[in-house]
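**Q** Pasting a structure below so you can have a look.
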Amino acid sequence: MRKALNWGVMIHRYLGIIFGVVILLWCLSGFVMMFVQYPSLTSQERYSYMSPLSIDSCCQALDTSRLTSYKFDSFILQQIPSGPLLKLISDDKTYFFDAMSGTLKKSASSFTRLNSAKQIASNLGVGGVQSLGLVDIDQWSIIPSVAKHAPFEIFQLDDSQKSRLYFSQVTGELVQQVTFVERTWGWVGSVIHWIYPTVIRANTELWVQLVIWLSVISLFMVLVGAFIGITRLRDKSGWRKSPYQGRFLWHHYSSLFTGVLMLTWLFSGLMSMYPWGLMEGRSFAAEEINLKGSGLSVTPKLQGTFENLHEFDLPNKTVEIKGVMVAGFLNVTATDSLGKSTLIRQIAIDDYTDNQFPSPDDLAEKMRPGETIASIDFLTSGDSYYYDHHNKRDFPVYRIIYDDGEHIYLDGLSFDIAAVFDNGRKTARWLYKGLHRGDFFPTLNGGLVWYLSWGGLLLLMTSAVGIACWLAFRYWQNLLVKNHASHSKPRW
């Protein structure tokens with residue numbers, strides 16, 4: 001035991017010199033991320049920046065001659081400075097049409113992007129707009145949800161927040177907005193916490209392995225420390241007081257007190273990377289195909305739907321119209337500038353489709369034929385798996401639970417799949433989001449109780465790690481002093 005203890009002390013000491021600092025940075029940046037997340041353009045912001053649709057003469061002569069064999073599962077119509085833009089979307093490709101002329105667009109021009117930026121500036125009451133140039137990727141567009149729209153043109157607004165707008169060079173859409181405050185806190189928050197510098201994150205495999213092994217080695221170091229700490233409290237007669245004094249006593253007791261919490265937090269951080277394929281969950285592609293069918297073709301009936309969009313009963317200040325294919329129906333929703341969506345039409349597209357849209361029970365059976373359905377509920381607020389916290393969820397939804405425990409959530413308006421949870425995803429929800437972010441009770445997320453409880457626990461961990469880093473610093477300081485003294489001593 002004595003030999004193992006000595007080895008443990010040496011391993012813990014030398015690993016702690018490096019990885020103690022890593023854990024301390026994770027703790028400090030974790031505090032920041034409780035309040036400020038990685039910058040993102042919210043749906044609410046995106047809709048508020050869009051101009052109301054003008055579609056009186058929309059979609060009358062779409063040039064679809066090149067799309068006769070093309071299948072898609074949804075469309076989006078929205079206003080850009082040059083007029084309404086129609087997008088036909090599938091999983092792997094999107095086609096863009098000038099909805100007024102009907103011509104197929106290849107990519108958005110720099111002139112279109114500049115006009116879009118000026119339009120947003122005008123809506124915000126800001127005068128000046130400056131192009132910062134073209135980029136493939138940078139620190140605030142490296143996140144996958146934004147990076148998939150690369151490359152970008154960046155514009156800076158002459159506003160008090162020094163906002164930067166990222167427009168996709170391909171689609172001309174606004175896909176990211178970052179203010180000066182978000183950029184500043186992002187550097188000391190998410191960039192440090194996620195180890196997200198562009199030079200590292202751009203190489204996905206390097207980044208994944210770096211985060212995984214930093215977490216694994218940090219876990220090992222804390223486990224060794226826990227072994228030492230517990231062993232030091234026992235002798236042949238049983239439990240005893242700590243043999244340490246001064247700052248070492250503080251390190252001993254603070255680390256023992258927060259040890260389980262620290263191990264849990266590091267482990268859950270490791271689980272956030274889904275290491276070695278753990279908890280990745282299965283594909284729900286079969287369920288999606290069963291729900292949506294083989295896809296939409298540009299048939300005369302669909303063309304007529306596009307031509308008649310201006311006759312639909314649209315809400316005031318509609319900025320976007322979206323159609324999703326579900327069970328042979330094209331479910332058309334309209335969203336206004338406040339982000340409120342309304343179902344305005346359900347159109348039977350297939351000739352063999354009944355005029356009555358299927359019930360949630362029928363859709364549940366259609367997605368997973370032969371599977372027993374445990375329950376179907378209509379949710380207007382979150383449950384244990386589908387809830388708001390750092391990420392905004394759309395409500396209402398239909399929650400379908402099957403006998404095997406799998407959950408499928410359908411959008412309450414379009415009936416498109418909003419989220420899925422199999423056993424792997426459900427496990428990840430608790431081992432990562434539960435243990436790492438404190439998301440145990442959705443009703444408390446982001447509230448005062450959550451901030452006080454989770455902030456207090458994080459403060460305890462940070463204090464314990466800070467003491468450990470101070471000890472490591474003093475150890476190296478003393479070592480350097482001794483080394484300097486031995487070399488300065490004259491030799492006779």
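**Q** What is the distance in Å between the Cα centres of region 307-348 and region 20-90?
**A** Region 307-348 and region 20-90 have Cα centres separated by 16 Å.
**Q** Here is a follow-up. So for region 160-293, averaging the separation of alpha carbon pairs under 8 Å that are six or more residues apart and normalising by length, what relative contact order in percent results?
**A** 17
**Q** A further question on this structure: Quick one: angle between helix 247-271 and the longest Cα principal axis of the chain, in degrees between 0 and 90, rounded to 10, please.
**A** Between the helix axis and the principal axis of the chain, the angle is about 30 degrees.
**Q** What pairs in 118/148; 340/426; 317/433; 118/340; 292/433 have C-alpha atoms more than 27 Å from each other?
**A** Distance filter (> 27 Å) returns 340/426; 317/433; 292/433.
**Q** Under the rule of -39500 (n - 2.57) per DSSP H run of 4 or more residues, summed and divided by the residues of the chain, what mean residue ellipticity at 222 nm is obtained, to the nearest 500 deg cm²/dmol?
**A** -13000 deg cm²/dmol
**Q** Need the list of aspartates and glutamates near residue 105 for cross-linking: C-alpha distance under 20 angstrom, and skip anything on the same chain fewer than eight residues off.
**A** 63, 73, 91, 92, 153, 173, 307, 320
**Q** What relative contact order, as a whole-number percentage, does the chain give when Cα pairs under 8 Å and 6 or more residues apart are counted?
**A** The value is 17 percent.
**Q** Using a simple spin-label model with points 7 Å from Cα along the Cα→Cβ vector, what separation in nm is obtained for residue 457 and residue 160?
**A** 3.7
**Q** Just grab the label-to-label distance for residue 427 and residue 247, each label 7 Å out from Cα along the Cβ direction, in nm (one decimal).
**A** 4.3
**Q** Taking 0.36 nm per residue of sequence separation and subtracting the Cα-Cα distance, how much length would be gained by fully extending the chain between residue 48 and residue 132, in nm to one decimal?
**A** 27.9 nm is the gain from fully extending residue 48 to residue 132.
**Q** A further question on this structure: Which length gain, in nm to one decimal place, applies between residue 123 and residue 476 when the Cα-Cα distance is subtracted from 0.36 nm times their residue separation?
**A** Residue separation times 0.36 nm, minus the Cα-Cα distance, leaves 121.3 nm.
**Q** Most exposed first by the Cβ proxy, i.e. fewest other Cβ within 10 Å, how do 392, 433 rank?
**A** 392, 433
**Q** Sticking with this one: How high is the relative contact order of region 222-346, in percent, counting Cα pairs under 8 Å that sit 6 or more residues apart?
**A** 15
**Q** Among 42, 186, 255, whose Cα lies farthest out toward the positive end of the dipole of the chain, if unit charges sit on the beta carbon of Lys, Arg (+1) and Asp, Glu (-1)?
**A** 255
**Q** Once you have a ≥ b ≥ c as the square roots of the Cα gyration tensor eigenvalues for region 195-345, tell me rounded if a/c is under 1.5, and otherwise prolate or oblate according to whether a/b is larger than b/c.
**A** Taking the square roots of the gyration eigenvalues as a ≥ b ≥ c, region 195-345 is prolate.
**Q** Return the lysines within reach of residue 3: Cα separation strictly under 21 angstrom, same-chain partners fewer than 8 residues apart disregarded; answer none if there are no such residues.
**A** The qualifying lysines are 236.
**Q** Once the dipole of region 311-410 is set up with Lys and Arg at +1 and Asp and Glu at -1 on Cβ about the Cα centre, which of 373, 387, 349 lies farthest towards its positive end?
**A** 387
**Q** Kirkwood Rh over Cα pairs of the chain into Stokes-Einstein at 37 °C, 0.692 mPa s: D in µm²/s?
**A** Estimated diffusion coefficient is 124 µm²/s.
**Q** Magnitude of the Cβ-charge dipole of the chain, K/R +1 and D/E -1, about the Cα centre, nearest 20 debye?
**A** I would put it at about 3800 debye.
**Q** Any chance you could give the angle, 0 to 90 degrees and rounded to 10, that helix 448-488 forms with the longest Cα principal axis of the chain?
**A** Taking the Cα atoms of the chain, the angle to 448-488 is about 50 degrees.
**Q** Between 0 and 90 degrees, rounded to the nearest ten: what's the tilt of helix 204-231 against the longest Cα principal axis of the chain?
**A** 40
**Q** Let me ask another. Looking at region 2-48, which trypsin sites (Lys or Arg not before Pro) are in a loop (DSSP not H, G, I, E or B) and have at most 10 other Cβ atoms within 10 Å?
**A** Filter output for region 2-48: empty list.
**Q** So for region 358-446, taking the charge dipole from beta-carbon charges (+1 Lys/Arg, -1 Asp/Glu), which of 446, 427, 401 sits furthest toward the positive end?
**A** Farthest along the dipole direction, towards plus: 446.
**Q** I've got another one for you. Report the charge-dipole magnitude of region 1-76 in Debye, nearest 20, computed about the Cα centre from +1 at each Lys and Arg Cβ and -1 at each Asp and Glu Cβ.
**A** Magnitude of the dipole: close to 820 debye.
**Q** Sticking with this structure for a sec: Where nothing but the Cβ of Lys and Arg (+1) and of Asp and Glu (-1) is charged, how large is the charge dipole of region 358-446 around its Cα centre, in debye to the nearest 20?
**A** Dipole of region 358-446, to the nearest 20 debye: 500 debye.
**Q** Can you give the FRET efficiency to the nearest 0.05 for residue 286 and residue 227, using r as the Cβ-Cβ distance and R₀ = 35 Å?
**A** 0.15
Each reported figure results from applying straightforward, stated rules to the coordinates on display, with no laboratory input. Please read these numbers as outputs of a predicted model, since none were measured by experiment. FYI the Cβ positions are ideal-geometry reconstructions off the backbone, even for glycines, and counts take in every protein chain you see.
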